[in-house]
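Colleague: First the structure, which I've put down as structure tokens, then a few questions once you've had a look.
The values are calculated or read from the model by the stated rules, or taken from the named source; none is laboratory data. Quick caveat: nothing in here was measured; it's all calculated off a predicted structure. As a convention, Cβ positions derive from the backbone with ideal geometry for all residues, glycine included, and neighbour counts pool all protein chains shown. Areas reflect the complete protein model, heavy atoms only, side chains present, ligands, DNA and RNA absent. Shrake-Rupley method; radii C 1.70, N 1.55, O 1.52, S 1.80 Å.
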Protein chains: 2
Amino acid sequence: MTKRTFEDFTPGLVIENGPRLVTREEIVAFAAEFDPQPMHLDEEAARASILGGLAASGWHTCCLMMRMACDGFVLNSSSMGAPGVDEVKWLKPLRPGTNITLQTTVLDTRASNSRPEMGFVKIRMDVLDDDREPVMTLTTSMIMGRRAEAAAP
Amino acid sequence: MTKRTFEDFTPGLVIENGPRLVTREEIVAFAAEFDPQPMHLDEEAARASILGGLAASGWHTCCLMMRMACDGFVLNSSSMGAPGVDEVKWLKPLRPGTNITLQTTVLDTRASNSRPEMGFVKIRMDVLDDDREPVMTLTTSMIMGRRAEAAAP
């Protein structure tokens, strides 16, 4: 498959990747390393928390999203990375045993004025659960290489 | 040490945690699991990328920040979590061998109108390198329990 470049990310394009099962073991292992709050480690403590039961760290959801995006379309594109992320919202608890789907929607694109070889692709990324309800949503801008012919002066 | 509650997070308060060494091994291991873009995995590929050399995934920086925050003050507070994050900015590459410091600044606080037992603590979190230059900055609002006496009707 040809690598996707800036020109392929047209506003309105929706890319779907997954599903991917999220296990209790990986939720607890991630939390133990990066976010050892009791609500991400222990079922009983989690029941007493605002999560109402064991759920993944929101940062874990971000990381799972990134991996699904890499496997789904980022690695097979001219992506150069992203300077940051806007508005990460953790909308509902991500429970063990959930099959998550990543839905990426292209919101807007803009060619770089100063760097003709690249452009910016603004996307919304929604992580959906088995009921296709969003557990997380975020927006970010990917820096994306343009096709050689488009970048030529 | 007494647990910090909502009342202890006054605007202007600065909490510093660290330093913590970030190794090449953990940068590559994290990338292999969650963000396998060549610029986070391979020195040569990274040199050809906009990072100009091997650097941690931005998500790895977020995860390291969260762990430092947990160890530094979150676990010893009445924090109930956070509904999301605003404006994550990856400002410069996080290189292997860097000793990072987390600087948390309280920007604003607001007692909940509907839930007298909690309030919101808006913070900025800056991850600084050895030169105390920020490699990442973000803002978020923690949901924080209030002291029993403050929450009483």
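Colleague: Can you tally the net charge around B:Thr104? Count Lys and Arg as +1, Asp and Glu as -1, for every other residue whose Cβ sits under 9 Å from the Cβ of B:Thr104. Walk me through the numbers before you get to the answer.
Modeller: Details: positive: B:Arg124; negative: B:Glu16, B:Asp126.
Its environment carries a net charge of -1.
Colleague: Give, as a single signed number, the net charge of other residues whose beta carbon lies under 12 Å from the beta carbon of A:Arg4, with Lys and Arg counted +1 and Asp and Glu -1. Before the final figure, lay out the partial values.
Modeller: Working: positive: A:Lys3, A:Arg146, A:Arg147; negative: A:Glu7, A:Asp8.
Around A:Arg4, the surrounding residues sum to +1.
Colleague: When the helix-only estimate is applied to the protein assembly as shown (DSSP H runs of n ≥ 4, each -39,500 (n - 2.57), divided by the residue count), what is the mean residue ellipticity at 222 nm, nearest 500 deg cm²/dmol?
Modeller: Working: 10 runs with 72 residues, N = 306.
Helix contribution divided over all residues of the protein assembly as shown: -6000 deg cm²/dmol.
Colleague: Springs between alpha-carbon pairs under 10 angstrom, Gaussian network model over chain B: which of B:Thr104, B:Thr139, B:Thr23 fluctuates most?
Modeller: Judging by the Gaussian network model, the answer is B:Thr23.
Colleague: So, one more: Residue by residue, what Karplus-based ³J(HN,Hα) values in Hz, rounded to whole numbers, does the range B:24-30 have, using 6.51, -1.76 and 1.60 with θ = phi - 60° and x for Gly and Pro?
Modeller: 4, 4, 6, 4, 5, 5, 4
Colleague: Sticking with this structure for a sec: Looking at chain A, which longest stretch skips every one of the trypsin sites (Lys or Arg not before Pro) that is in a DSSP loop with at most 13 other Cβ atoms within 10 Å, leaving the sites themselves out? Don't skip to the end; give the middle numbers.
Modeller: On the way: sites that count: A:Lys3, A:Arg132.
No qualifying site falls inside A:4-131, the longest such stretch.
Colleague: Let me ask something else about it. How large, in percent, is the carbon and sulfur part of the accessible surface of chain A at a probe radius of 1.4 Å?
Modeller: On the way: 3550 of 6980 Å².
Carbon and sulfur together cover 51 percent of it.
Colleague: If you don't mind, another one. Just to confirm a number: summing +1 for Lys and Arg and -1 for Asp and Glu over residues other than B:Thr139 whose beta-carbon lies under 15 angstrom from that of B:Thr139, what do you get?
Modeller: Details: positive: A:Lys89, B:Lys89, B:Arg110, B:Lys122, B:Arg124; negative: A:Asp86, A:Glu87, B:Asp86, B:Glu87, B:Asp108, B:Asp126.
Local charge sum for B:Thr139: -1.
Colleague: Now for a different question. For an R0 of 22 angstrom, estimate the FRET efficiency from the Cβ-Cβ distance between A:Val14 and B:Glu33 and round to the nearest 0.05.
Modeller: Given R0 = 22 Å and the Cβ-Cβ separation, E is 0.25.
Colleague: Please report the buried accessible area for the interface of B with A, total over both chains, probe 1.4 Å, in Å² to the nearest 100. Write down the numbers at each step before the final one.
Modeller: On the way: alone 8350 and 8350 Å², together 13940 Å².
Roughly 2800 Å².
Colleague: So if I take the centroid of the Cα atoms in the range B:49-89 and the same for the range A:38-78, what is the distance between those two points in Å?
Modeller: 14
Colleague: If you line up the long axis of helix B:58-69 against the longest principal axis of chain B, both from Cα atoms, how many degrees apart are they, to the nearest 10?
Modeller: 40
Colleague: Across bins of 10 angstrom width beginning at 0, how are the C-alpha pair distances of the protein assembly as shown distributed, in whole percent?
Modeller: Using 10 Å bins, I get a P(r) of 6, 26, 34, 23, 9, 2, 0, 0 for the protein assembly as shown.
Colleague: Which of the residue pairs B:Lys3/B:Lys122; A:Lys122/B:Lys122; A:Lys89/B:Lys3; B:Lys89/B:Lys122; A:Lys92/B:Lys92 have a Cα-Cα distance greater than 20 Å in the structure shown? Write down the numbers at each step before the final one.
Modeller: Values: B:Lys3/B:Lys122 18 Å; A:Lys122/B:Lys122 26 Å; A:Lys89/B:Lys3 27 Å; B:Lys89/B:Lys122 17 Å; A:Lys92/B:Lys92 32 Å.
Violating the 20 Å Cα-Cα cut-off are A:Lys122/B:Lys122; A:Lys89/B:Lys3; A:Lys92/B:Lys92.
Colleague: List the residues of the range A:85-99 that lose 50 Å² or more of accessible area once all protein chains are present, compared with their chain alone (1.4 Å probe, heavy atoms only, no ligands or nucleic acids).
Modeller: Listed in order, they are A:Val85, A:Val88, A:Trp90.
Colleague: If you don't mind, there's one more thing I want to ask. How much length, in nm to one decimal, is gained on full extension between B:Glu117 and B:Met80, taken as 0.36 nm per residue of separation minus their Cα-Cα distance?
Modeller: On the way: separation 37, 0.36 × 37 = 13.32 nm, distance 1.12 nm.
In short, 12.2 nm is gained.
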